[in-house]
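A.B. asks: Supplied in structure tokens, the structure appears directly below.
The values are calculated or read from the model by the stated rules, or taken from the named source; none is laboratory data. For clarity, every value in this text was computed on a predicted model and none was experimentally measured. Ideal geometry is used to build each Cβ from the backbone, glycine not excepted, and the neighbour counts take in all protein chains shown. Ligands, DNA and RNA are stripped out before the accessible areas are found, and what is left, the full protein with its side chains, is counted by its heavy atoms. Shrake-Rupley method; radii C 1.70, N 1.55, O 1.52, S 1.80 Å.
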Number of protein chains: 2
Amino acid sequence: VTELYVIIDPEHCAERDPLWVAERALEGGCALLQLRSKNQPDAARLTLAQALRRLTRAHGVPLWINDRLDIALLVEADGLHLGQTDLPVVEARRLGADLRIGLSTHSLEQARAAAALGADLLGFGPMFATRSKLHPDPQVSIEELRQVIGLTESPVVAIGGISRENAALVSAARPAYVAVISAVCDAPDPALAARELRRELG
Amino acid sequence: VTELYVIIDPEHCAERDPLWVAERALEGGCALLQLRSKNQPDAARLTLAQALRRLTRAHGVPLWINDRLDIALLVEADGLHLGQTDLPVVEARRLGADLRIGLSTHSLEQARAAAALGADLLGFGPMFATRSKLHPDPQVSIEELRQVIGLTESPVVAIGGISRENAALVSAARPAYVAVISAVCDAPDPALAARELRRELG
């Protein structure tokens, strides 16, 4: 079964409190929450991460932090999600022995390299055109997603432009998770949006 | 005696290799080197920090890292320098028990708070108009610098717009360090610029 992975990005919450959005997403059945904060000052970023840590603990849902190893360690996150130009997985592991480490990949080649590195989770995308990244990588196909799922034991997260309209197409390939930002954070009712997405995941 | 503190910022190195600039600054007698990298991807930031760690070890000079606790820990920096909206000093200490922690302050009130927090080093400025910050804080006075030096046992670093022309005015107040970015990084000959600044510090 494909679970819903929601990325909380304060810049994509339609000017609402990201903590409120996160709470609604959890209500709607999101199974994993990630904090992705690219432009906040660190003090605010840490405060939000701490609040999300309390919230996800109360819901029994894992919290992952994007990019920032120090923030992940300070809030005792479950995982750290890295991109291709972020800290290398091997360096992150040196300090974060108890953290699961995920890696974003955008081609079969990158996915193979991530699997060889022993990443605990592989992001793969973008599946569709996305509103949440300024310079997205070229789109990948559902067939490539199937191949990535086949080449690793680690959970694979399909990401990029996934919405209620196309979620079933993606979950047919059986990734462990489907990740969304805008489709939940930017929705008028994030709990309803999460619930409807989950229904599409089957 | 007031020592020269050089902040290596890849964006203020006049398109030259920051490592080359750092090497020249050390040749010119800089006593403490800080890496301040605001816009590099983390992989590149870590690579530069590692190279500066090797270089400063070879010269027997302390290396400080601006903002990023994880990078400071990964390269075993001597210190981490934080701003007013960065990670709180007390949080940084939780993970970085072996790191010295510095804090930027821009008023007597902030300096008193930093001293009360037990910051291991206090930045104080800007002393003059600066080219290295987009939205600098209001300038402080030499008299305020004297007061800050008087209120703490920790070394005080005067910073902001300091150049060969005004360095002697600042060092007359006897801060532990005078810090520069542009005056060395942007100079045609960074070693000569550092040497001339040191001469002004007396």
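A.B. asks: Is it fair to say A:SER132 is open to solvent by 10 Å² or more (accessible area, probe 1.4 Å) and at pLDDT below 95?
C.D. replies: Answer is yes for this residue.
A.B. asks: Can you confirm whether the range B:115-122 contains a residue that is within 14 Å of chain A (Cβ to nearest Cβ), over 26 Å from B:ALA22 (Cα atoms) and open to solvent by 10 Å² or more (accessible area, probe 1.4 Å)?
C.D. replies: Yes.
A.B. asks: Scan the range B:20-44 residue by residue and report those that are within 11 Å of another protein chain (Cβ to nearest Cβ), open to solvent by 20 Å² or more (accessible area, probe 1.4 Å) and not hydrophobic (A, V, I, L, M, F, W, C).
C.D. replies: Scanning the range B:20-44 gives B:GLN40, B:PRO41.
A.B. asks: Let me ask something additional. Enumerate the pairs (first residue in the range A:56-67 and more than 11 Å from A:LEU32 (Cα to Cα); second residue anywhere and polar (S, T, N, Q)) with beta-carbon separation below 6 Å, excluding pairs fewer than 6 apart on the same chain, so at least 6 apart or on different chains.
C.D. replies: Within 6 Å, the pairs are A:ASN66/A:GLN34.
A.B. asks: Scan (1) within 14 Å of chain A (Cβ to nearest Cβ); (2) under 15 Å from the mean Cα position of the chain (by Cα); (3) more than 25 Å from A:ASN66 (Cα to Cα) for the single condition B:ALA49 breaks and write down its number.
C.D. replies: Against the list (1) within 14 Å of chain A (Cβ to nearest Cβ); (2) under 15 Å from the mean Cα position of the chain (by Cα); (3) more than 25 Å from A:ASN66 (Cα to Cα), B:ALA49 comes up short only on (3).
A.B. asks: Looking at B:ALA193 and the list (1) open to solvent by 30 Å² or more (accessible area, probe 1.4 Å); (2) among the small types (Gly, Ala, Ser); (3) part of a helix (DSSP H, G or I), which single condition is not satisfied?
C.D. replies: With respect to (1) open to solvent by 30 Å² or more (accessible area, probe 1.4 Å); (2) among the small types (Gly, Ala, Ser); (3) part of a helix (DSSP H, G or I), B:ALA193 is out only on (1).
A.B. asks: Here's another thing I want to ask about it. How many residues, within the range A:41-55, are charged (D, E, K, R) and either under 15 Å from A:GLY102 (Cβ atoms) or without any contact (Cβ under 8 Å) to a residue 24 or more places away in the chain (or both)?
C.D. replies: 1
A.B. asks: Looking only at the range A:74-109, which residues are polar (S, T, N, Q), open to solvent by 30 Å² or more (accessible area, probe 1.4 Å) and within 14 Å of chain B (Cβ to nearest Cβ)?
C.D. replies: Hits for the range A:74-109 are A:GLN84, A:THR85.
A.B. asks: Looking at (1) facing chain B (nearest Cβ under 8 Å); (2) within 14 Å of B:ASP70 (Cα to Cα); (3) open to solvent by 10 Å² or more (accessible area, probe 1.4 Å); (4) of a type outside the set (Phe, Trp, Tyr), which is the one condition that is false for A:ASN66?
C.D. replies: Unmet for A:ASN66, out of (1) facing chain B (nearest Cβ under 8 Å); (2) within 14 Å of B:ASP70 (Cα to Cα); (3) open to solvent by 10 Å² or more (accessible area, probe 1.4 Å); (4) of a type outside the set (Phe, Trp, Tyr): (1).
A.B. asks: Taking the conditions exactly as written (in contact (Cβ under 8 Å) with a residue 40 or more places away in the chain and in a helix (DSSP H, G or I)), does A:ALA115 satisfy them or not?
C.D. replies: In short, no.
A.B. asks: Test of understanding: among A:ALA31, A:ALA77, which residue is of a type in the set (Gly, Ala, Ser) and touching an Asp or Glu at 6+ places or on another chain (Cβ under 9 Å)?
C.D. replies: Step by step, each of A:ALA31, A:ALA77 is checked, and only A:ALA31 is of a type in the set (Gly, Ala, Ser) and touching an Asp or Glu at 6+ places or on another chain (Cβ under 9 Å).
A.B. asks: I'm checking my understanding of the structure. Among residues of the range B:173-186 that are in contact with a Lys or Arg (Cβ under 9 Å, 6 or more places away or on another chain) and aliphatic (A, V, I, L, M), which one is surrounded by the most Cβ atoms within 10 Å (Cβ to Cβ)?
C.D. replies: B:VAL184
A.B. asks: With B:GLU143, B:GLU165 as the choices, which residue is free of Cβ contacts under 8 Å to residues at least 60 places away in the same chain, in a helix (DSSP H, G or I), surrounded by fewer than 16 Cβ atoms within 10 Å (Cβ to Cβ) and not aliphatic (A, V, I, L, M)?
C.D. replies: Among B:GLU143, B:GLU165, only B:GLU143 is free of Cβ contacts under 8 Å to residues at least 60 places away in the same chain, in a helix (DSSP H, G or I), surrounded by fewer than 16 Cβ atoms within 10 Å (Cβ to Cβ) and not aliphatic (A, V, I, L, M).
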